[in-house]
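Structure record follows, encoded as C-alpha cells.
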Amino acid sequence: MTNKTPPLSIENVSVAYHRKPVLRNITYQSPEGECIGIIGPNGAGKSTLIKATLGLLPLAGGEVSIYGKPYSQQRKLVGYVPQRESVDWDFPTNALDVVLMGLYGQLGWFRRPKSEHKDRALEALRKVGMESFAKRQISQLSGGQQQRVFLARALAQEAQIYFMDEPFVGVDAATEKAIVQVLHELKEQNKTVFVVHHDLQTVSEYFDSVMLLNLRLIASGPTREVFTTENLQKTYGGRLAILPHTNEMLSIR
Amino acid sequence: MSSVWIILTGALIASSCAFLGCFLILRRMAMLGDAISHSILPGIVIAFLVSGSRDPLPMFIGAAVFGLLCTIIIQLLRNQGVQADAAMSVSFTALFAIGIILISLFTQQVDLDLDCVLYGEIAYVPYDTWTWNGIDMGPRAMWGAGAAFLLSLIMVRLFYKQFKLTSFDPALAMAVGVPVAFFHYLLMGLVSVTTVASFESVGAILVVAMLIVPAATAYLLTERLGVMLGLSVLIGMICSVCGYFLSVLLDASIAGCMTMVAGGLFALAFLFSPHQGVVTRWWIRKKLRTQF
C-alpha cells in the first residue's frame, strides 16, 4: 500500500473559547506507528488540540479524521489518557474499576462488564506494574500510581491511536519508567501515540516525531530534523534559554 | 395502620431521594437538588390550575418540566460564563418566586397551602387514599413515592455504568461515545420526578435533606459506589422509621424528626466512620503514638 491513510489527519482546524481563538488553522498529517510529542508553552493549545480531535470541544472550523473517517465513527480505534487533575480521585471506586471504565464505550448501551473484560483490565494494570493495586481505593494511590491507572485504562481500550495529555507531569521515577516502557511496546505494535509533553530535555529521547505548537503549528516532523534551536525559539518566543555549549535546553515558564 | 403507611411512605421517599442523591454528591451538584426541589413549585401550581385536581400525573409532568427547565437555564447561564453557584441561585429562586406568586394569586381557587408545599405534612398521608376499581389501595403519596423509587431504580440499574462514568470522568465518557448531556438531563429528570413525589409529604425544603444527607452519610462509610447506593437507601429507611417514632415520642413534626435522625446519623458517620471519621483517625493516631 503506497497511499495509506494517515492515523490522524487535521485539516485547517481552528478552535475558539468564547470567541478567543486558541488554535488557528492547524493542518497536520501524522505518520503511523510513531511516538509523537506535542510540544509548546503553557496556553499554546496542546490539550485543546487533543480535546478538539476527540470531539470534546467544538471546532470553529476545519476537519479532523482518524484513518480517513470522522472521529465519531472511529471511537474504538482511539484511546485517551486525560490529565490526572481532570477527575475527582475521592470517587468511591478502585483501580480495577477505573480501568474497566475504558471499556464502557465498547460495551454499548446495556451490556455490563464480564470476566473477560476484567481480565483485559487486569492485563492492562499488569503492563503498567499496578496489578497488585487492582482492589485499592483510588484516593489511596500516589499521583504516579493514579497516572499509571489512567494509562492502563487507555491500554485496555486496545486502540490504534493514543492521545495522552501530560502523562509525565508530577510522576515519580518508577512511573516515568513504566510509561516509557508502555510507549515502546505500543510502538512495536505499530500503534501511533500522541503525548503532550513539557520537559524539553527528554524530547529527543522519547519521541520519533514532534509537533511544535503555539496557537499555530510552528513545525512538525521527525524529531531530529524539527526539534531545533531555531524552531524552539519560534515556538517559545523569548521565554526559552538555551545553553549553547551543552546543547541542553531549559524552558522558562 | 396509619403509622405503617406513614413509615412506608417516608421510607420510599427517603430511599429514592438518597439513591439519586449519591450521584448528585459525586457530581458535586448537591445544591442542584435544592434548586430543582424549589423550581418545581410553579410547575405544580400550573399543573394544578390547568387540571383542577391533585392527580399525581399532571403534577409529575408539571414538576418534571419545571425541574428540567431549571437545569437547562442553569446550564445555559453557565455556558455563557455565569459562575455555577450564581447561575443556580438565580434560576431556582426566580422560578420559586413565580410559584409563590401564583399560589398567592390563585389562593381562592386552589386548595394548595403554601405551608404544606414548603414544609409538607406526612401525617396527612394516610387520609388521602387512592381508590382503584372501588378498592382502597392505600395512600396516594405512597404510590407516588413508590413509583418514583421504582423508576429511579430501573434507570440507574439499566444505565449504572453510564451514570458512573459520566460522574467520574465526563471527558472520557464523551470520548468513548457516551451521551453525557443525555445522562445529565436524565438524572435531573429523575430528581425532579422524585422531588415532586416527595414534596407533599416532606415539603420542598426538607426534600433537600433527604436528597443529600443519607447519601453524604453513605459516602463517609464506604469506598465503593455500589455499596454507597445500597447504604444510602438503608440510611433513608432508618431515618423514616426512627424519625416516625421520635416524632411520636416528642409529639413533633414527622418530617422534621426524620431529618433530625438523618442529621444525627451523618454526625455519627462523620465522627466514627472506619476510614475518615474524626474520632477514628484521632484514635488511630493515638494508638500509633503509644506504639513508639
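The values are calculated or read from the model by the stated rules, or taken from the named source; none is laboratory data. Owing to the predicted nature of the structure, the values given are computational and were not obtained by experimental measurement. Ideal geometry is used to build each Cβ from the backbone, glycine not excepted, and the neighbour counts take in all protein chains shown. Only protein heavy atoms, including side chains, enter the accessible area calculation; ligands, DNA and RNA are left aside. Shrake-Rupley method; radii C 1.70, N 1.55, O 1.52, S 1.80 Å.
Residues in segment A:41-68 that are surrounded by fewer than 18 Cβ atoms within 10 Å (Cβ to Cβ) and within 13 Å of chain B (Cβ to nearest Cβ): A:G55, A:P58. In segment B:272-292, the residues that are at pLDDT 85 or above and assigned to a helix (DSSP H, G or I) reach residues that are of a type in the set (A, V, I, L, M) and surrounded by 11 or more Cβ atoms within 10 Å (Cβ to Cβ) with C-beta atoms within less than 6 angstrom, at least six apart or across chains, in these pairs: B:F272/B:V279; B:V278/B:L271; B:V279/B:L271.
Counting only residues that are within 14 Å of chain A (Cβ to nearest Cβ) and crowded, with 18+ Cβ neighbours inside 10 Å, segment B:130-154 holds 0 of them.
Could you list, in sequence order, all residues of segment B:178-198 that are within 12 Å of chain A (Cβ to nearest Cβ) and either modelled with pLDDT under 90 or open to solvent by 10 Å² or more (accessible area, probe 1.4 Å) (or both)? Those that are within 12 Å of chain A (Cβ to nearest Cβ) and either modelled with pLDDT under 90 or open to solvent by 10 Å² or more (accessible area, probe 1.4 Å) (or both): B:V178, B:P179, B:V180, B:F182. Scanning segment A:9-40 for residues that are surrounded by fewer than 17 Cβ atoms within 10 Å (Cβ to Cβ) and among the aliphatic types (A, V, I, L, M) returns a single hit, A:A16. Within 14 Å of chain B (Cβ to nearest Cβ) and touching a residue at least 24 places away in the same chain (Cβ under 8 Å), is that true of A:V15? No; evaluated as a whole, the condition is false for this residue.
Have a look at B:S201, B:S232 and point out the one that is within 14 Å of chain A (Cβ to nearest Cβ), buried (at least 24 other Cβ atoms within 10 Å of the Cβ) and assigned to a helix (DSSP H, G or I).
Numbers: B:S201 fails: within 14 Å of chain A (Cβ to nearest Cβ).
None of the others qualify; the one that does is B:S232.
Is at least one residue of segment B:60-67 over 23 Å from B:L165 (Cα atoms), within 14 Å of chain A (Cβ to nearest Cβ), open to solvent by 20 Å² or more (accessible area, probe 1.4 Å) and of a type in the set (V, I, T)? No, segment B:60-67 contains no residue that is over 23 Å from B:L165 (Cα atoms), within 14 Å of chain A (Cβ to nearest Cβ), open to solvent by 20 Å² or more (accessible area, probe 1.4 Å) and of a type in the set (V, I, T). Out of B:A175, B:A255, B:A216, one residue alone is crowded, with 19+ Cβ neighbours inside 10 Å and free of Cβ contacts under 8 Å to residues at least 40 places away in the same chain. It is B:A175.
All conditions in (1) in a helix (DSSP H, G or I); (2) in contact (Cβ under 8 Å) with a residue 40 or more places away in the chain; (3) under 21 Å from B:V156 (Cα atoms) hold for A:P92, with the sole exception of (1). Residue check: A:Q181 meets all listed conditions (1) open to solvent by less than 30 Å² (accessible area, probe 1.4 Å); (2) over 20 Å from A:N94 (Cα atoms); (3) of a type outside the set (G, A, S) but one, namely (1). Taken over segment B:31-47, residues that are over 13 Å from the mean Cα position of the chain (by Cα), open to solvent by less than 20 Å² (accessible area, probe 1.4 Å) and not small (G, A, S) amount to 4. Considering only residues of segment A:91-107 that are more than 9 Å from chain B (Cβ to nearest Cβ) and of a type outside the set (V, I, T), which is surrounded by the fewest Cβ atoms within 10 Å (Cβ to Cβ)? Here the answer is A:L96.
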